[in-house]
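Below is one structure, written out as structure tokens, with a few remarks after it.
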Amino acid sequence: MRFSTSMRVGPVGFRIGSDWRAPIAGLKRLYRDYPKPADDIPHFTVRLEATHWWRRFVRPSVRIAGDHTLPEALPLPLAQGVLAAEMAMNLQMALGQRHFLLVHAASVERDGKVMILTGESGSGKSTLAALLGEHGWRLLGDEFALIDPQTGEAHPFPRPISLKNASIDVMAALAPPERFGERINGTPKGDIRHLIPNAAALAGMDKSAPPALILFPRFGNAADVREVLPSEVFIRLTQASTNYVSLAERGYTALTQLVTQTPARAIDFPDTATGLKLVQDLWAELA
Amino acid sequence: MSARLLCQLLTEPGRARDVTPAQWPSVLTIAQAERLAGSLAYRLSGLTLPPSVQSVLDAARLNADTGRVQALWEVEMAGRALALHSAFPSCS
């Protein structure tokens, strides 16, 4: 490919090639403090390709390719090239990762124990994790929690946090401008701006820890806490996992162990201050 | 780019020790694209490889194993359905 870069995020090395310079420049900025893949050999390769050779120049359109792809993925405009790369990297993990049980969740660590925040897009898990990461917690990641089937521990995957819409301004008040990527407007999920995890999160990207609490946050309602039974946690986490089925028995064993050993709560919160307080109170009580 | 190298590794796994760190990413990517990563993992098993290469091949092998179990399960189910059909031809 004409332009390329590589990086390691937690245990996973990526190589990204592109027909254009701009997405690689954006990625190099976001990943400037990340290490290179171990032995310089990446686990996954991602390519950002023009849909036709002339679409490199005319209404440039980015098609996602790589080791693992979905045939129905739609191309994105070049202005969203960094987002395309992020989506492609997620896709490699979602489809190709076999060493960890992947749960679509944010995770943070405190006192050597991990809290997993899972929920659908828009539930506020990324925002809560980003906030906690600036309030004395170590951010493990906002996209995937990696559960080691052998030890049950959660491994960090501290990708740049993808902040959406209103949460961009919330975090802009807390973190310096050099930790932000370019604002990407008009994506399918609204406006997106990436926040580079802080130095503690990046320095700790090889430190795993056992899960101690699973939360199902939901933004937008009056404050409330509800206990979630292991049976419901199990079903919701199978839905939140991208590789539960392909891990077969190892996935079932890992998930059963996680669910039976970790308390879980669902929380509603009307604003970020209330959300933070609820989370910290629950942590003090249960973890 | 290095499809030839991939072919050589599949036929003569011992050559893996001569593959340079710069060549491995292409070999692995081509193997994935050609759906030969699982075959490569089996052919290279037992050799000393860079840890990252081993990790990618371990994943490919796990993937192939799962695929095998799923395929055998399909066959088992088809077998049971056909047995039922031959015992009770009116059953469809």
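The values are calculated or read from the model by the stated rules, or taken from the named source; none is laboratory data. Since this is a predicted model, take the numbers as computed values, not measurements. Neighbour counts are summed over all protein chains in view; Cβ atoms, including those assigned to glycine, are modelled from backbone coordinates with ideal geometry. Accessible surface areas use protein heavy atoms only, side chains included; no ligands, DNA or RNA. Shrake-Rupley method; radii C 1.70, N 1.55, O 1.52, S 1.80 Å.
Charge tally around residue A:243: other residues with Cβ under 11 Å, Lys/Arg +1 each, Asp/Glu -1 each, net +2.
What's the average, rounded to a whole number, of partner chain beta-carbon atoms within 10 Å of each residue's beta-carbon in A:7-17?
Going residue by residue through A:7-17 and averaging, the value is 1.
Taking label points 7 Å from Cα along the Cα-to-Cβ direction, residue A:74 and residue A:165 give a separation of 1.8 nm. GNM remark for chain A: springs join alpha carbons under 10 Å apart, and the peak mean-square fluctuation among A:218, A:63, A:55 falls on A:55. In order along the range A:199-214, the Karplus-derived 3J(HN,Hα) couplings, from 6.51 cos²θ - 1.76 cosθ + 1.60 at θ = phi - 60°, round to 4, 5, 5, 6, 5, x, 5, 10, 9, 8, 7, x, x, 10, 7, 10 Hz, and Gly and Pro are given as x. Taking the empirical scaling 2.2 N^0.38 Å for compact globular proteins as reference, the range A:101-286 has a Cα radius of gyration ratio of 0.97. Between beta-carbons, use under 12 Å as the cut-off and find the net charge around residue A:264, counting Lys and Arg +1, Asp and Glu -1. With Lys, Arg at +1 and Asp, Glu at -1, the net is +1. With a 1.4 Å probe, what is the total accessible area buried between chains B and A, in Å² rounded to the nearest 100? Buried area between the two chains comes out at roughly 1400 Å².
Within the same chain, lysines fewer than 8 places from residue A:36 are excluded, and of the rest, those with a Cα less than 23 Å from its Cα are A:28, A:207. Compactness of the protein assembly as shown, taken as the C-alpha radius of gyration over 2.2 N^0.38 Å, stands at 1.06. For residue A:189, the lysines whose Cα comes closer than 19 Å to its Cα, not counting residues fewer than 8 places off in the same chain, are A:125, A:164. Label-to-label distance, residue A:229 versus residue A:287, with points set 7 angstrom from Cα along the beta-carbon direction: 2.7 nm. For the pair residue A:57 and residue A:148, the difference between a 0.36 nm per residue extended length and the Cα-Cα distance amounts to 28.3 nm. Note on chain B: with charges restricted to the Cβ of Lys and Arg (+1) and Asp and Glu (-1), its dipole about the Cα centre is near 140 debye. The three principal axes of the C-alpha atoms in the range A:3-96 carry coordinate ranges of 37, 27, 17 Å, sorted with the longest axis first. Accessible surface for chain A, divided over its residues, is 42 Å² per residue with a 1.4 Å probe.
A convex hull fitted around the alpha carbon atoms of chain B yields 116 Å³ per residue. Within chain A, the selection of entire DSSP H helices by a Cα span of 18 Å or greater along the long axis and an average Kyte-Doolittle value of at least 1.0 returns A:81-96.
For the peptide B:58-66, the mean number of other protein chain Cβ atoms found within 10 angstrom of a residue's Cβ is 4. Each Lys or Arg adds one and each Asp or Glu takes one away; over the other residues whose Cβ falls under 11 Å from the Cβ of residue A:167, this sums to 0. Mean per-residue shielding of peptide A:240-250 is 2, counting Cβ atoms of other chains within 10 Å of each Cβ.
Here the range A:26-66 is assigned +1 on the Cβ of each Lys and Arg and -1 on the Cβ of each Asp and Glu. Its dipole about the Cα centre then comes out at about 340 debye. Under 5 Å between amide hydrogens, built in the peptide plane, is the criterion, and for residue A:69 it picks out nothing among residues at least 5 positions away or on other chains. Scattering from the range A:241-280 was approximated by placing one identical point on each alpha carbon and applying the Debye formula without solvent; log10 I(q)/I(0) at 0.18, 0.23, 0.31 1/Å stands at -0.66, -0.74, -0.97.
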